[in-house]
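What follows is a set of notes on a single structure, which appears directly below.
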Amino acid sequence: MEKEKTYSRVLLTVGKWVLILFFAVYTIFPLIWLVITSLKTNAEYFANPFSLPAVPQWGNFANAFRQANLGQMIFNSVTVSFVGTVLNVTIASMAAYAISRFEFKGREIIFAAFSAGIMVPLNALMVPYFTIFNKIGLIDNLMSLRVLYAAIGLPISMFIIRGFMDSFPVEIEEAALLDGCGFYKRFFYFVLPLVKSGLITAATFQFITCWNEFVYANLLTSSPRLKTIQIGIRYFTNQFTTDYVSMYAAIVIAIIPSILIYTIFQKQVISGLTAGAVKG
Amino acid sequence: MKVSKKERLGIVIFLLPALILFAVFFIYPIMNVVYMSFFNWNGISDATFAGFKNYIRIFSDKVFLRSIKNNIVWALAASCIQVPMALLMALILSRKPKGWKLFRTIYFLPQVISGIALAMLWSAVYNSEFGMLNGLLKLVGLGNYTRNWLGDPKTALICVLIYGLFYIGYYMVIMMAGITDIDETYYEASRVDGANAIQTAIYITVPLIRYSIVTCVTLAAVFGLRTFEQVYLLTNGGPANRTSLVVLYLYNQMKNNNYGGANASSAVLIVVGACVIVSIRKLFTKNED
């Protein structure tokens with residue numbers, strides 16, 4: 001009996017670690033392979049996909065930059081993501097303040113509508129989004145992406161920020177109210193500093209989403225000088241049909257910023273995700 | 001907080017930008033898609049009323065039907081394979097084995113990498129000439145099994161679908177948060193009753209995080225319906241439309257200036273998505289009584 005118990009316990013522990021390591025290797029191995037391959041020569045890569053580079057070919061990265069004009073694309077992605085995030089978090093925190101702090105007719109309906117927005121299959125709205133931006137003359141203009149990204153991220157950002165605001169008692173502000181602080185002053189001097197970590201959470205999440213967005217960047221812009229990095233790496237598949245290693249270098253360049261931001265704000269990404277999803 | 005007159009103006013001003021963006025980019029587009037799906041439109045000249053013709057046309061198009069079928073397979077695979085795997089790992093990692101934080105970070109990593117970069121990475125894995133998968137097969141002496149994974153109609157769909165299924169971090173994190181919220185007294189009670197780890201997981205943890213599980217199943221199904229990048233980049237629907245999905249279908253309709261057909265397929269997607277969400281919720285609340 002005792003023997004059986006320890007036997008099954010050993011089996012469980014082994015099974016547990018097999019699973020843990022399987023998923024870890026599955027996730028990490030292709031990424032490591034990508035980085036190693038991006039440092040090989042094409043000849044080395046064709047000869048054996050698993051070999052290590054004899055000499056790390058840092059030139060592949062320079063090649064990728066030069067041939068595909070990656071610098072311009074990174075610049076586009078940075079400005080689009082930055083403006084999209086600032087707009088989004090500003091607008092979402094204003095609305096969340098009104099909904100979280102004041103009782104008025106229809107506030108829960110408004111909030112429920114926004115929350116339902118999380119589930120809308122945005123990819124199905126290609127035609128209307130295209131028509132809207134076509135009508136206001138913003139097709140092939142990065143402004144369309146900035147506004148669109150700010151808008152489509154609103155439901156999740158409002159969810160996150162409202163959650164943080166709700167977790168602070170209204171009494172703190174009531175004291176401020178007695179001191180004669182008005183609606184706007186309370187927002188800027190009391191509520192925003194209190195929910196700072198909520199704002200960072202929403203912003204991190206939003207920035208990564210903007211940085212990675214492909215479908216609408218692809219649909220709404222066409223000029224080469226307006227390409228974002230995600231569109232850029234996709235065009236490598238046409239340009240470098242033989243220069244695989246430079247293509248892999250470009251992919252590495254494209255994913256480094258999101259991984260970097262993720263590692264810095266890891267706590268925020270994970271807590272933001274759960275705040276938005278568990279209640280939704 | 002009670003609202004004074006002065007504050008009422010502030011509330012309106014603060015809500016307005018969000019409401020305008022929401023109206024323009026959520027409410028109007030959805031209504032517009034449904035309305036315009038009853039019109040013939042090439043994007044340039046005036047739209048003409050078409051009744052149900054767009055719907056009849058797409059539903060008699062084999063490619064559209066296959067796309068729907070593929071989307072259903074995709075949604076089912078995500079909710080019935082990916083989410084249970086994520087649940088299993090959430091149960092394991094929330095017992096805090098050595099290095100659990102590191103593993104959580106690793107599992108979540110694909111979530112922050114763009115879908116297009118991941119798809120390109122996997123196209124390198126599946127590449128028939130220099131691909132990692134064929135290379136691995138040769139390495140372990142299974143050279144007979146090498147093939148053009150994405151070009152073979154037998155394997156194309158499973159290949160574009162399967163690689164994302166093992167990226168479990170997103171759902172795992174949601175369910176782990178649910179597990180953290182469970183009151184410690186439940187576990188103390190089960191310990192007193194002499195339950196082992198597996199019994200505790202099945203009878204205590206899983207029922208208590210059912211909200212998180214339902215959320216994950218819903219999200220997985222919805223994401224399965226709106227998938228686009230993987231297929232667009234890896235196969236563009238080929239070979240012979242074997243891997244087409246509804247969003248890719250509507251994208252191609254749009255590119256061919258058949259906006260009516262595109263809108264009808266969008267409308268189908270939105271309605272199916274809404275039905276899926278509602279029925280998962282219904283199914284779940286019924287179990288609760």
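Coordinate-derived values only; no laboratory data. Since the structure is predicted, the reported quantities are computational estimates derived from the model, not experimental observations. Using ideal geometry, Cβ is built from the backbone for each residue, glycine included, and neighbour counts are taken over all protein chains shown.
Shape of chain B from its Cα gyration tensor (a ≥ b ≥ c, root eigenvalues): rounded if a/c is under 1.5, otherwise prolate when a/b > b/c, or oblate?
It comes out oblate by the Cα gyration axes.
The helix-only estimate of mean residue ellipticity at 222 nm for chain B, built from DSSP H runs of length n ≥ 4 each weighted as -39500 (n - 2.57), is -20500 deg cm²/dmol after division by the residue total. Neighbour counts of C-beta atoms inside 10 Å place B:88, B:225 in the sequence B:88, B:225, starting with the fewest.
Considering only B:175, B:89, B:31, give the residue with the highest GNM mean-square fluctuation for chain B, with springs between Cα atoms whenever their separation is below 10 Å. So, out of B:175, B:89, B:31, the one fluctuating most is B:31. When the Cα atoms of the range B:173-267 are aligned to their principal axes, the ranges along those axes come out at 67, 26, 16 Å in descending order. Taking a straight Cα-Cα cut-off under 18 Å and skipping sequence neighbours fewer than 8 places away in the same chain, the lysines within cross-link reach of residue A:196 are A:185, A:267.
From helices alone, chain A scores -24000 deg cm²/dmol at 222 nm; the rule is -39500 (n - 2.57) for each run of n ≥ 4 DSSP H residues, then divide by the residue total. In a fully extended conformation the segment linking residue A:105 and residue A:140 would gain 8.5 nm over its present Cα-Cα distance, using 0.36 nm per residue. For chain A, what class follows from the C-alpha gyration tensor (a ≥ b ≥ c being the square roots of its eigenvalues): rounded when a/c is under 1.5, otherwise prolate if a/b is larger than b/c, else oblate? Oblate, because a/c is 1.5 or more while a/b does not exceed b/c.
The Cα atoms of the protein assembly as shown define a convex hull whose projected area, averaged across directions, is 31.3 nm². Where is the GNM fluctuation largest for chain A (alpha-carbon springs, 10 angstrom cutoff): A:250, A:43, A:202? Comparing A:250, A:43, A:202 in the GNM, the peak value goes to A:43.
At R0 = 22 Å, how high is the FRET efficiency between residue A:178 and residue A:90 if r is their beta carbon distance? Nearest 0.05 is fine.
0.20
Separation of the range A:177-249 from the range A:39-100 is 12 Å, based on Cα centroids.
Separation of the range B:242-267 and the range A:13-34, taken as the distance between their Cα centroids, equals 38 angstrom.
In chain B, a dipole from Cβ-located charges (positive for Lys and Arg, negative for Asp and Glu) runs towards its positive end, and of B:19, B:32, B:165 it is B:32 whose Cα lies farthest in that direction.
Treating r as the C-beta distance of residue A:17 and residue B:136 and R0 as 35 Å, the FRET efficiency rounds to 0.95. Sorted fewest first by neighbouring Cβ atoms within 10 angstrom, B:183, B:61 come out as B:183, B:61. Under 21 Å Cα-Cα from residue A:5, which lysines qualify once same-chain neighbours fewer than 8 residues away are excluded? Leaving aside lysines fewer than 8 places away in the same chain, those within reach of residue A:5 are A:16. In this rough spin-label picture, where each label sits 7 Å from Cα along the Cβ direction, the residue B:236-residue B:56 distance is 3.3 nm.
In plain terms, the chain from residue B:271 to residue B:34 could stretch by 84.4 nm, reckoned as 0.36 nm per residue minus the Cα-Cα distance. Between B:58, B:11, B:30, the Gaussian network model of chain B with springs among Cα atoms under 10 angstrom shows the greatest mean-square fluctuation at B:11. Close Lys pairs in the range B:1-155, defined as Cα atoms under 21 Å apart and 8 or more places apart or on different chains, number 4. Remark: B:168, A:139 ranked as A:139, B:168, counting other beta-carbon atoms within 10 Å and listing the fewest first. So how far, in whole Å, is the C-alpha centre of the range B:3-60 from the one of the range B:164-185? Here the answer is 36 Å between Cα centres.
If r is the Cβ-Cβ distance from residue B:24 to residue B:49 and R0 is 35 Å, what FRET efficiency results, to the nearest 0.05?
Efficiency for this residue pair is about 0.90.
Normalised by the number of residues in the range B:1-62, the average gap of Cα pairs under 8 Å and 6 or more apart makes the relative contact order 19 percent.
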